[in-house]
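Engineer: First, the structure itself, so that you have it in front of you.
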Amino acid sequence: MDKSTQQELITRYALNRDELNDAEDTAAWAEFAADLADSPELQAELAAFQTAAQSIAYSVEPATMSADLHDRLMAKISQSRQIEVVGNVSASLTQLLDIPLTQLQQVADSLENWEAFPAPAIGEMAIWQLDEATNQVAFFVRSAVSGPFPNHYHAAGETVLVVDGDFGGDEHTYRSGDIVYAAAETSHQPYTKAGCLVFCISSMDDKILEP
């Protein structure tokens, strides 16, 4: 799919996902969805468009896209440091939390840098994106078995999105779609009862503590 078509579909998807279910869009959307699943760059760009679209008032009907809509969205993005895209990495990694769970699952499956946590903890992690400007890292953690993940310290706040399975912290068990927050300068040892995949955004200065 050429770049101009990708840009049009990104804009339309950000404004109205249901519009892409029209019969005439079926083939184009299927190709776009495949491209989106394989491209972290497209995923970050889509997240930026979705954030920008929420704050732009426009009066055109969803099925009729204004000729300059894409340009207006790009202008809105460039005016906001929070949603600026620098290189291949979104300046605000939290935008990645807006990516559909199925696509995050596909991203996780495509990563080849998985590393196991030191025993006796379970699970493994894979880094996806870094933002050196904010000293943040976006990464996945997964386990196919039950047990505790490493006890670790948060230099800054952490956000965890449960993509699949169950994930426990404190006295709660979180499931697919739940978001869990951990405060800065705290430590905890989460667990899973039946295995899980979670997407995390945290500080590069976090530390794994001794068992």
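Just so you know, all these numbers are worked out from the coordinates, no wet-lab data involved. Model, not experiment: these values are computed from the prediction. All Cβ positions, glycine included, derive from the backbone under ideal geometry; neighbour counts span all protein chains shown.
Engineer: How charged is the neighbourhood of Gly177? Take every other residue with its Cβ under 15 Å from the Cβ of Gly177, and add Lys/Arg as +1 and Asp/Glu as -1.
Structural biologist: Residues near Gly177 contribute -3 overall.
Engineer: Using only C-alpha atoms and all pairs of different ones, pull out the Kirkwood radius for region 97-211 in Å with one decimal.
Structural biologist: 14.1
Engineer: Could you please report the charge total around Tyr153, scoring K, R as +1 and D, E as -1 over all other residues with beta-carbon less than 13 angstrom from its beta-carbon?
Structural biologist: The answer is -4.
Engineer: Please list 128-136, 109-117, 176-184, 158-166 highest first by mean number of surrounding beta-carbon atoms within 10 Å per residue.
Structural biologist: 158-166, 128-136, 176-184, 109-117
Engineer: Around Ala144, under 12 Å between beta carbons, what's the net of Lys plus Arg minus Asp minus Glu among the other residues? Don't skip to the end; give the middle numbers.
Structural biologist: Working: positive: Arg142; negative: Glu124, Asp164.
Computed value for this residue: -1.
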